[in-house]
Amino acid sequence: MVTVGSLLKMHRDKQNAIGSLIPAAFLLLGWLALTLLTANAGYGTLAAQTNTPAQTKSPPAEPSLPDGPGKDVILRACTQCHDLKVITSKRATEDEWAKTVNDMINRGAVLSDDEADAVIDYLSQHFKPAASDPKQQPDTATQK
């Protein structure tokens, strides 16, 4: 026969069993949170240690153009498709620059006739072949 006393005892036993699970649940949640925080911090450390100097170097500086008539047109029209490095690394005669500029116009560069002439003059003045530019010639006067 079930008595009120036995029912109360069963109820207290269940309460004690549930009550003992609550601290265990908090311990489990605390351990999980600590594990996640430690793993996240460890990942950040690992990522910082695996960065090599090559990955953290800044890209080389973009070459600059000398001042002069036509510079602004080049910066507007030519750099839409080309890096300045492409332009500044080439050396050509005036006729070669004229051919290149006209080729670029045929490919879609938007330049008026006056702008094209200014670009050709600018490029042929500042980026001519070394043979026609005394500043780019090696100094042979002191060599014997």
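Structure above, values below:
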{"quantity": "Residues being under 14 Å from CYS81 (Cα atoms) and acidic (Asp, Glu) - total across the stretch 96-124", "calculated": "1"}
{"quantity": "Tally, over the stretch 75-103, of residues that are among the charged types (D, E, K, R), closer than 19 Å to ASP114 by Cβ and surrounded by 14 or more Cβ atoms within 10 Å (Cβ to Cβ)", "calculated": "1"}
{"quantity": "Test: ASP95 is at pLDDT 85 or above, in a helix (DSSP H, G or I) and acidic (Asp, Glu)", "calculated": "yes"}
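Results for (1) charged (D, E, K, R); (2) part of a loop (DSSP other than H, G, I, E, B); (3) at pLDDT 90 or above, shown as yes or no for each residue.
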| position | (1), (2), (3) |
| --- | --- |
| VAL73 | no, no, yes |
| ILE87 | no, no, no |
| THR100 | no, no, yes |
| MET104 | no, no, yes |
| ASP114 | yes, no, yes |
| VAL119 | no, no, yes |
| LYS135 | yes, no, no |
| THR142 | no, yes, no |
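The values are calculated or read from the model by the stated rules, or taken from the named source; none is laboratory data. This is a predicted model, so every value here is computed, not measured. Backbone-built Cβ (ideal geometry, glycine too); neighbour counts: all protein chains shown.
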